[in-house]
Amino acid sequence: MGRIQVLSDDLANKIAAGEVVERPASVVKELLENSLDAGATDIRIDIEAGGRRLIRIIDNGSGMLRDDALLAFERHATSKIRQTPDLFNIGTLGFRGEALPSIASVSRLTLETRAEEESIGSVVEINGGKIFKCEERAFPRGTTLTVRDLFFNVPARRKFLRSEQTELAHIASLVTHYSLAHPDKAFELRHGNSELLRVAPVDALRERVYQVFGSRALDDLIDLGSQQCAVPGDGEDAEPAATYQLSGFISRPQVQKSNRNSIFLFVNRRLIRDRLLLHALSAAYHNLIPPASYPFALLFLDCDAREVDVNVHPSKTEVRFQRGSFVHDFVRDALREALIRSRPVSSLPLRESPQPGVRLPYSDFTQRLQQQEPVDTNAALELLKPLTKEQEAQLPEFVLKPQQQVAQAARLDFSGESIAVTNDAQPATPPVAAAISPVKLQLKVPDTHGAFPREAILDAPPSMEVLGDLRPLGQLQESFIIAASRDGLWIIDQHVAHERILFEQVLRQWATGKVESQQLLIPVILDLTPGQWIEYERIAEQLLAAGFETEPFGQRTIAVKTVPAAVAPQEAEAILNEILEIAEGEMRRVSLEDLRRGMAASIACRAAIKINMRLDPAKVDYLLRELAKCEYPMSCPHGRPVALRYGIRDILKSFHRI
Ligand code: ADP
Ligand code: MG
């Protein structure tokens, strides 16, 4: 007798279970997918002990015919595909016919089911893959699957299970996200006696997001709406070869997660892990959030079933796209546009305002009163008086007539788009800080006891749109611009703001081919490492397009003859080193566009005004105006926030006025 044997069905099922049933959440996933495939509109899931003791899923789907109830537990038994071509056009979540036999081989399973067209239902009980009971029984239409004692007969697997809480968290996350993929269906998830999720059918994804995460989460999210994209067909009047649709929610850049756990990708409503889509997502956030952080994303990509191969992995969590790079670019650009359109802003983190009930002990209070310096009432009254005409005339002009004054100064100091702010710039007008006190916020201040007028309390979410109306108040630590708008107080990081402005200017100049460069009197000579040399040869053309005219100058040495107008000659070497590093690190994987963005970020960072630098009012105003023009003014190319806003609502709250 030979040495090879065909494995028993039982063993084959246990092997398949190793791939399909990794943990309780994978059982829930398979059963949930079956219920959805069966057209259920109401799905209830009961869990005990994190899924180890019990997983029960009750659906109102099509149910199974009596003849099918047992057959479903045969390996490769499925009602979802019949022939090979079906494999490339899969419209259901399941198709492999492996889940039920796999789960049944590693648990004590009970199936109760009845199909619409039959008057009596069936019950099947299977213990560790062995049929224990199979009989007829009255049952409402639909299917109930109960899985008890998962892995009771494979102790090795049981050992790998994590704590009850961890397993439960996986289940909850899975059910939550399938509920988001199917807003029109009711879902309920219970653990023992506690209800973890219960959502009624709704019309729109937005409402389901609200049901699941609450209204506050919606403030942090951008609704993608429905973005379509078609692959052109052959010939002029041809139908499109394929169409893709993207919908869902992504977080605004101020939401930054330290891992990918908040990214949920669905392709044709199937929850998947996919490197291509993950990459498109991070490319969309490139330069908007710091490199090691991740957004929240709930993305639904829908397309013709023929466009994706779902038969890649037994757990069906991976897919292969026919037109991978098309999909990648479509998703990246759609997300990026949505991010740009939303232009939100970080708000100033506020500590909890003190509890009004907490008071100092009376004695302490009087004691402190007694120790206080006597108040100079005259000076105090003086402060309250409105300014006289003469006093107003003495105020720095910058405060009273910002538009006029600044327009003039801008013409003097800044030549068009390419500004050169040098480090030795001295303020021409009195320091901006001097202007702080006389500026009044554009708010109606009520009398001391009155309530704040309602119309002044702006409920709108913070937006960078008001940037155009910002009125500069001064500079803090010679690093941050303080400004006021109708909706609050703003703090703007001058370096980061300028970096964002230059970054966009540089990209715009490249896009329009209007790059301004300056000739260096003495070329800068750079010695490159072999790695840098290889990259240099590859990107020399890009460098030229960016305003760096270079030429080889001996072995692994280059001469830099021109640099972009915004760049100081002494920064050329540092910038080129940075660019070559980006190219070395990323070029092989990322697109030319990403390389360009990296180059622009590097130029912008080096050319931007620094912190600890005094700015005259004209420059402050220039920065604010240019920032307002930015497509994406809220963060620097490296993802740091540009501005913080202390919203009027928060101010009022902190003063206990609302
Ligand atoms: P697959 O889903 O890949 O077809 P499964 O092993 O998960 O394989 O299920 C086998 C078959 O059992 C399915 O094809 C389907 O016909 C039937 N089935 C499973 N679960 C349900 C359910 N909840 N309602 C109706 N039919 C079901
Ligand atoms: Mg299935």
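Distance from a point 7 Å along Cα→Cβ of R148 to each backbone N in the stretch 1-34: keep the residues under 13 Å and list them by number. Within reach of a label on R148: no residues.
Label-to-label distance, N612 versus T529, with points set 7 angstrom from Cα along the beta-carbon direction: 3.0 nm. Using the Karplus relation 6.51 cos²θ - 1.76 cosθ + 1.60 with θ = phi - 60°, the per-residue 3J(HN,Hα) values for the stretch 213-221 come to 9, x, 6, 5, 4, 4, 4, 8, 10 Hz, with x marking Gly and Pro.
In a DSSP loop and with at most 15 other Cβ atoms within 10 Å, the trypsin sites (Lys or Arg not before Pro) in the stretch 141-180 are R162.
The protection proxy used here, the mean number of other Cβ atoms lying within 10 Å of each residue, ranks peptides 206-216, 276-286 as follows, highest first: 276-286, 206-216. Loop-resident chymotrypsin sites (Phe, Trp or Tyr not before Pro) (DSSP state other than H, G, I, E or B) in the stretch 573-658 with no more than 13 further Cβ atoms inside 10 Å of their Cβ: F655. Seen from a random direction on average, the alpha-carbon convex hull of the stretch 9-199 projects onto 10.7 square nanometres. Under the simplified labelling scheme, the A540-D46 pair shows an inter-label distance of 7.4 nm, with each label point 7 Å from Cα along Cα→Cβ. Principal axis extents of the Cα atoms in the stretch 220-347, from largest to smallest and rounded to whole angstrom, are 50, 38, 21. Which entries in K514/K610; K80/K316; K29/K316; K257/K629; K14/K159 show an alpha-carbon gap greater than 18 Å? Checking Cα-Cα distances, K514/K610; K257/K629 exceed 18 Å. Using the Cβ-Cβ distance between I120 and E236 with R0 set to 41 Å, the FRET efficiency works out to roughly 0.10.
All of the numbers you see were taken from the coordinates with simple rules; none came from a lab. Given the structure is predicted, the values throughout are model-derived calculations rather than measurements. Here the Cβ is made from the backbone with ideal geometry for all residues, glycine too, and neighbour counts use every protein chain on show.
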